[in-house]
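Every read-out reported here was derived from the displayed coordinates using simple, explicitly stated rules and does not represent laboratory data. It should be emphasised that the depicted structure is a prediction, and the values quoted were computed from it without experimental measurement. Glycine gets a Cβ as well: all are built from the backbone with ideal geometry, and neighbour counts include every protein chain shown.
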């Protein structure tokens, strides 16, 4: 386990009411501290809840959180981990229909696409539709398309800040 501390956010975009306590238990287990999340109704999927939780932990915590939540078929979530000394940042997106998507994130929040994914998309022999599909897959466009209504529905939700300036 790394001694370098980083931070990130878990965005639970939609969770069945009965699953919400289990999400908190996963967070408590991975972060090794008691976690209580502020759950609100998710207007994009009536009957479900949404929450955000800012976390701090060793490098790799984002991957551990995403892995621990993976496979919960009715859960929509994203985990972010900020870049830190010696490590890129990351974003893990999960939807029930698509499963999980991972992207490397730079210090400015840009998705970094590996060279071989770009080469695979370009190896389409002039088929621009195939090239577009390959680039959309490399960028996680299908996950963004599916999660966007849930993100928008969370605008104005409470945010828990980890640090103060000044």
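Worth pointing out:
- Here the relative contact order of the chain, from alpha carbon pairs under 8 Å that lie six or more residues apart, stands at 23 percent.
- Calculated FRET efficiency for the pair residue 56/residue 107, C-beta based, R₀ 25 Å, to 0.05: 0.90
- Counting only alpha carbon atoms, the long axis of helix 20-31 and the longest principal axis of the chain meet at about 80°.
- Ellipticity at 222 nm from helices only: DSSP H runs of n ≥ 4 in the chain, each -39500 (n - 2.57), divided by the residue count, give -10000 deg cm²/dmol.
- Take the Cβ atoms of residue 4 and residue 131, set R0 to 41 Å, and the FRET efficiency comes out at 0.60.
- A convex hull fitted around the alpha carbon atoms of the range 1-145 yields 121 Å³ per residue.
- When all alpha carbon pairs of the range 1-50 are counted in 5 Å bins from zero, the resulting P(r) reads 5, 19, 25, 21, 14, 8, 5, 3, 0 %.
- In this structure, residue 145 and residue 28 have a Cβ-Cβ separation that, at R0 = 41 Å, corresponds to a calculated FRET efficiency of about 0.80.
- Taking the fewest neighbouring Cβ atoms within 10 Å as the starting point, the ordered list for 129, 5, 105 is 129, 5, 105.
- Rounded to the nearest 10 degrees, the inclination of helix 128-139 to the longest alpha-carbon principal axis of the chain is 30 degrees.
- Residue 36 versus residue 87: modelled label distance in nm, points set 7 Å from Cα along the beta carbon direction: 2.9 nm
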